[in-house]
Amino acid sequence: MPYPLLPRTPSGPRRRSLLASAAGAFVLVGCSAHESSTDTTGGSPSAADRARARAARDSGALAERYAAVITAHPALAERLRPLRAEVVRHAEAFGGTSGASVAAAPAGSPSASASTSASASPSASPTVPVHEKDALAGLAAAERTLADARAKALLDVPGELARLLASVAAAGAAHAYLLTEGAK
């Protein structure tokens, strides 16, 4: 007798697979043997410094995107503020200060919106979809893309930075999950 089909086909990664992949990334990173970040030649920044700066910029841009969605869709503010606060902390962990002016004021407050729009040029400000569901999907896609890029980048950086990249990549994957699964 054939088994009946499930009424809903699961979409996207499940919590267990996210946790398992994050744990696997930590195990792989913990085994890294190359610790030298002094690959400077002639005063140019090392690969680790460039990766750290890129990660800080990426997190700062993602925090701006969260702020834009919160401003455009105030009903999502309560749900998105904790995720955005984590992204700002990620930027700070990488040595970035781009989210510091926005992090000083609570997201969604007039001063946070003003500092966000004042710090970003009009052409560089992220466009926000009209519908909340589309805005959440866009944030989830940005989180997923950035998490994937960081997972690839951790192979080319020394141990401590690789561990930080792995941790932030895992957090980004979890954010993407929360943004997509929480919408259902």
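The values are calculated or read from the model by the stated rules, or taken from the named source; none is laboratory data. Quantities reported herein were computed from a predicted structural model and do not represent experimental measurements. Cβ placement follows ideal geometry from the backbone for every residue including glycine, while neighbour counts extend to all protein chains displayed. Only protein heavy atoms, including side chains, enter the accessible area calculation; ligands, DNA and RNA are left aside. Shrake-Rupley method; radii C 1.70, N 1.55, O 1.52, S 1.80 Å.
Computed over protein heavy atoms with a 1.4 angstrom probe, the accessible surface ordering of T145, T180, T127, largest first, is T127, T145, T180.
A Förster radius of 22 Å, combined with the Cβ-Cβ distance separating T145 from E181, puts the computed FRET efficiency at roughly 0.80.
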